[in-house]
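A.B. asks: My questions all concern the structure below.
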Amino acid sequence: MAVLSKIRQRSVFLIIIIALALFSFVLSGIFSSNSPLFNKNVTDIGSVNDEPISREEFAQQVEYYRNNSNGKISQMQQVNSAWNSLVREKIYKTQLEKSGIVVGEQDVWNAIVNQIKAQNNPMFQNELGMFDEEKLKEYIANLKDSANDSDRAKAAWLGWVNYEKSIKSSLEQNTYNSLIRSGLNSTLKDGERKYFYENNNVDMKYVYVPFNSISDSLVKVSEDEIKQYIKEHAKDFEAEASRDIEFVNFVIKASKEDEEEIKNELASLINDKEEYSAAAKNTVNVTGFKNATDMKDFFVTNDSDTPFDDSFYTKNSLPKTLAESLFDKNIGEIYGPYKDKGYYKLSKITAVKQMPDSVKASHILISYAGSEVRDPSITMTQEEAKKVADSILKVVKADKTKFESIAKEMSVDKNSGAKGGDLGWFVYRSMVPEFRDFVFENKTGDIGVVKSRFGYHIIKIDGQKNEQRSVQIATFSRKIEASEKTENEIFQEAETFASEVSSGNNFEEKAKENKYVVIPVMNLKELDENISILGPQRQIVRWTFDKSTNENDVKRFDTDKGYAIVKLVKKHEKGLADRTGVVRKILMNKKKSELIAKRSSSENLDEIAKQNNTTVKTAKAVSNASPVLPGEGRFPEIVGVATGLEENKLVKNIEGERGIAFIMVTKKNTATPLGNYQSGKNAQERKLKNKNIQIYNAIKDNSEIEDNRATFY
């Protein structure tokens, strides 16, 4: 509160400072080496097979995802969703053009008008209750004409444009995928092969020699061999640019003195008191929490950090602290100040009622354009939806038996609508407040209309259980947060550390000296957003990839909870990844394989076992469906070879992932033939046809994609 008061006193000064800071921020963005101003060749967000993704097109798609996310996803998540959507659209567009397939405007329109939501929408029906295309066309024209009238109208038009695009994209993708899948068929012979492949098995004797049975010290791998291997397998080791950083996190949190001051402030609000009023030029009586009757006004006047909650609670639904200390008390009794989940609180019983603990109800939901049921096919205005809801109410009040059929036909809530509107049994806090209050405060059999953020609900109360004491508790809160003094101290501490390590002091040593925790973060990618415990920190990622930022540079960043002093430890440019350890292991195993093969010179399995200081083992009924060697584990690569071998013939040096096998098949067991292999054929076809993701990924891997998102976001 002290901080807020000072801000009000210095408002003009702060406005000037904020303006200068914003101007500085804009200039720093303009003159950053990552700025589009210094990347004159970068004019588009990217391209797919030489078709550009323009900034305007991309911004529109980002705005669409922002409008539909309702603030639940970050900007970079919106950016990535927009990118993935546009890349997919353009990839399929290229393939369709090559295939000579065209999805035209008429195809898209036919798909739209055949949507069930459009067909059943009263807005698009004539006097006979039949779907009328002209009404839909008129609605779309009105959306377009009014797009510039307001932000809401613009969002509605953008939503419709993207709805059309999604219909077209879906048609294009389904058409292309269907074309591919039509060539992925299976025959009865394929089904037969599948059956025998999975069910034929062998009995065998074998010797298995794991690579780890040979000491690493017996094989040497040179750096030149590693480099040569990586060169020959370059595609397996490609890596995008990345950065390694480390940081010290300075969290702004309340001190013990801050907490005590907040607690005392709440205690001072309990009773009435006299204060001098500048407006009245006299002392006035200020009503305290104890005697306040208009709790909403008290919460607003005294700046509660949580709003007044007018819900009712049973004893079991209250937090344990309040259930034990306040539930059985009388109206007006107070508990607190007490500490709870980062707040100091005062609680008072303000009302008591007898209410059920659960209710069974049915509803018919009629939504309108702009409600939280985000569906572009919903076109009614709020006024029109209200008229429809009122007319339905009259019908079902006159004849309750019609409720179920109307719910199935007209309710926007399709899940309950399919069950005649039935929502089943639910508890008090399951529903939005308007719906909840109606069903818990009225009686079984009552029918009415309430409006919520989802639209208009025609509600029928079907049952109520366990009526009991319920209380309304007003809980006034003050968030436990740092004072201005504490904030200044933490800022100074962070600034001092940043200054010291920027002046040449060792980052790790200076942090250790001050007992700070250094947190490393490896392999940050250019489009990453989240950084360890700091959460979304796009500003830090952009800094690490700025051309003017060098290794060992240090910078202070403001975070949601304080400050982070960040050091850029290492730049990894795009190219071959440093996978020396992995490659060394691969090459060592190859050399161990050669050693095992060289010393296993005998043509007798028992002798080979002796040469490798192990024993001959047996395995029964080993198959491709069950590629298990007893006591060793799963070895599909070794068993796959074994099932194709001849009987009583020694086969040496079968290399697996973790060792070498020497095998002699003693008996081949052929599965009993089937009269029909249709089930195997069908299984193969299902496997082949369920390949939409693989189809897309294959096309994407063979497309030329340029991604400039990091330049703009």
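A.B. asks: For the range 494-526, name all the residues that are closer than 15 Å to Gly562 by Cβ and surrounded by 15 or more Cβ atoms within 10 Å (Cβ to Cβ).
C.D. replies: Ala494, Phe497, Ala498, Tyr516, Ile519
Listed here are the residues, each with its yes/no results for (1) under 30 Å from Thr643 (Cβ atoms); (2) of a type in the set (Asp, Glu); (3) in contact with a Phe, Trp or Tyr (Cβ under 6 Å, 6 or more places away or on another chain).
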site: Asp560; (1), (2), (3): no, yes, no
site: Val569; (1), (2), (3): no, no, no
site: Thr580; (1), (2), (3): no, no, no
site: Val583; (1), (2), (3): no, no, yes
site: Lys590; (1), (2), (3): yes, no, no
site: Glu594; (1), (2), (3): yes, yes, no
site: Ser600; (1), (2), (3): yes, no, no
site: Leu605; (1), (2), (3): yes, no, no
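A.B. asks: Which is part of a helix (DSSP H, G or I), surrounded by 12 or more Cβ atoms within 10 Å (Cβ to Cβ) and among the polar types (S, T, N, Q), of Ser593, Ser626?
C.D. replies: Going through Ser593, Ser626 in turn, just one is part of a helix (DSSP H, G or I), surrounded by 12 or more Cβ atoms within 10 Å (Cβ to Cβ) and among the polar types (S, T, N, Q): Ser593.
Yes/no matrix, rows are residues, columns are (1) more than 30 Å from Asn676 (Cα to Cα); (2) in the same structural domain as Leu96 (by TED's automatic domain parsing); (3) among the β-branched types (Val, Ile, Thr):
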{"residue": "Lys135", "(1), (2), (3)": "yes, yes, no"}
{"residue": "Asp145", "(1), (2), (3)": "yes, yes, no"}
{"residue": "Asp149", "(1), (2), (3)": "yes, yes, no"}
{"residue": "Ala155", "(1), (2), (3)": "yes, yes, no"}
{"residue": "Tyr163", "(1), (2), (3)": "yes, yes, no"}
{"residue": "Ile167", "(1), (2), (3)": "yes, yes, yes"}
{"residue": "Tyr176", "(1), (2), (3)": "yes, yes, no"}
{"residue": "Arg193", "(1), (2), (3)": "no, no, no"}
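A.B. asks: For the range 216-235, how many residues are closer than 30 Å to Glu529 by Cβ and without any contact (Cβ under 8 Å) to a residue 24 or more places away in the chain?
C.D. replies: Number satisfying all stated conditions: 1.
A.B. asks: If you go through the range 236-257 one residue at a time, do you hit one that is part of a loop (DSSP other than H, G, I, E, B) and free of Cβ contacts under 8 Å to residues at least 24 places away in the same chain?
C.D. replies: no
A.B. asks: I'm trying to understand the selection: among the residues of the range 484-501, which are among the acidic types (Asp, Glu) and in contact with a strand residue (DSSP E or B) (Cβ under 8 Å, 6 or more places away or on another chain)?
C.D. replies: If the condition is that a residue be among the acidic types (Asp, Glu) and in contact with a strand residue (DSSP E or B) (Cβ under 8 Å, 6 or more places away or on another chain), then Glu493, Glu495 are the ones that fit.
A.B. asks: Failed condition for Ser268, given (1) of a type in the set (Ser, Thr, Tyr); (2) at pLDDT 90 or above; (3) in contact with a Ser or Thr (Cβ under 9 Å, 6 or more places away or on another chain), with all others met?
C.D. replies: (3)
A.B. asks: Can you pull out every residue in the range 530-556 that is assigned to a loop (DSSP other than H, G, I, E, B) and under 17 Å from Asn708 (Cα atoms)?
C.D. replies: Those that are assigned to a loop (DSSP other than H, G, I, E, B) and under 17 Å from Asn708 (Cα atoms): Asp546, Lys547.
A.B. asks: Still on this structure: Looking at the range 521-548, I want the residues that are without any contact (Cβ under 8 Å) to a residue 12 or more places away in the chain and have a partner that is surrounded by fewer than 20 Cβ atoms within 10 Å (Cβ to Cβ) with Cβ atoms under 6 Å, at least 6 apart or on another chain. Which pairs are those?
C.D. replies: Listed by first residue and then by second, the contacts come to Asn530/Pro536.
A.B. asks: Which of (1) surrounded by 13 or more Cβ atoms within 10 Å (Cβ to Cβ); (2) of a type in the set (Lys, Arg); (3) assigned to a helix (DSSP H, G or I) is the odd one out, the single condition Lys189 does not satisfy?
C.D. replies: Answer for Lys189: the failing condition is (1).
A.B. asks: I would also like to ask the following. Among the candidates Lys555, Lys610, single out the residue that is touching a residue at least 12 places away in the same chain (Cβ under 8 Å) and not assigned by TED's automatic domain parsing to the domain that holds Asn708.
C.D. replies: Lys555
A.B. asks: Here's another thing I want to ask about it. Among the residues of the range 342-356, how many are surrounded by fewer than 16 Cβ atoms within 10 Å (Cβ to Cβ) and not in a strand (DSSP E or B)?
C.D. replies: Adding up the residues that qualify gives 1.
A.B. asks: Looking at Asn142, Asn114, Asn126, which one is under 28 Å from Glu56 (Cα atoms), over 30 Å from the mean Cα position of the chain (by Cα) and free of Cβ contacts under 8 Å to residues at least 12 places away in the same chain?
C.D. replies: Asn142
A.B. asks: Does Ser99 satisfy the criteria of being surrounded by fewer than 18 Cβ atoms within 10 Å (Cβ to Cβ), among the small types (Gly, Ala, Ser), assigned by TED's automatic domain parsing to the domain that holds Asp50 and in contact (Cβ under 8 Å) with a residue 24 or more places away in the chain?
C.D. replies: So Ser99 passes the test.
A.B. asks: Take the range 498-529 and flag every residue that is in a helix (DSSP H, G or I) and closer than 16 Å to Leu568 by Cβ.
C.D. replies: Listed by number, the residues that qualify are Ala498, Val501, Ser502, Phe507, Glu508, Ala511.
A.B. asks: Would you check which residues across the range 268-283 are without any contact (Cβ under 8 Å) to a residue 12 or more places away in the chain and either surrounded by 11 or more Cβ atoms within 10 Å (Cβ to Cβ) or part of a loop (DSSP other than H, G, I, E, B) (or both) and list them?
C.D. replies: Those that are without any contact (Cβ under 8 Å) to a residue 12 or more places away in the chain and either surrounded by 11 or more Cβ atoms within 10 Å (Cβ to Cβ) or part of a loop (DSSP other than H, G, I, E, B) (or both): Ser268, Ser277, Ala278, Ala279, Ala280, Lys281, Thr283.
A.B. asks: Here is a follow-up. For the range 441-488, enumerate the residues that are closer than 19 Å to Ile262 by Cα and of a type in the set (D, E, K, R).
C.D. replies: Arg478, Lys479, Glu481, Glu484, Lys485, Glu487
A.B. asks: Can you name every residue in the range 250-267 that is exposed (fewer than 14 other Cβ atoms within 10 Å of the Cβ) and of a type in the set (Asp, Glu)?
C.D. replies: Those that are exposed (fewer than 14 other Cβ atoms within 10 Å of the Cβ) and of a type in the set (Asp, Glu): Glu257, Glu260.
A.B. asks: Find the strands (runs of 3 or more DSSP E) located wholly in the range 632-713 whose residues include 3 or more that are more than 33 Å from the chain's Cα centre (by Cα), and list them.
C.D. replies: 650-655, 659-669
A.B. asks: Just to check your reading of the model, which residue among Asp297, Asp305 is free of Cβ contacts under 8 Å to residues at least 40 places away in the same chain and either within 26 Å of Ser470 (Cβ to Cβ) or assigned to a strand (DSSP E or B) (or both)?
C.D. replies: Selected residue: Asp297, the only one of Asp297, Asp305 that is free of Cβ contacts under 8 Å to residues at least 40 places away in the same chain and either within 26 Å of Ser470 (Cβ to Cβ) or assigned to a strand (DSSP E or B) (or both).
A.B. asks: Hey, another quick one. With (1) surrounded by fewer than 15 Cβ atoms within 10 Å (Cβ to Cβ); (2) within 15 Å of Tyr197 (Cβ to Cβ); (3) in contact (Cβ under 8 Å) with a residue 12 or more places away in the chain as the list, and Thr618 as the residue in question, which single condition is left unmet?
C.D. replies: Of the numbered conditions (1) surrounded by fewer than 15 Cβ atoms within 10 Å (Cβ to Cβ); (2) within 15 Å of Tyr197 (Cβ to Cβ); (3) in contact (Cβ under 8 Å) with a residue 12 or more places away in the chain, the odd one out for Thr618 is (2).
The values are calculated or read from the model by the stated rules, or taken from the named source; none is laboratory data. Predicted model only: the values in this text are computed from it and were never measured. Positions of Cβ are generated from backbone atoms using ideal geometry, with glycine treated the same way; all protein chains shown enter the neighbour counts.
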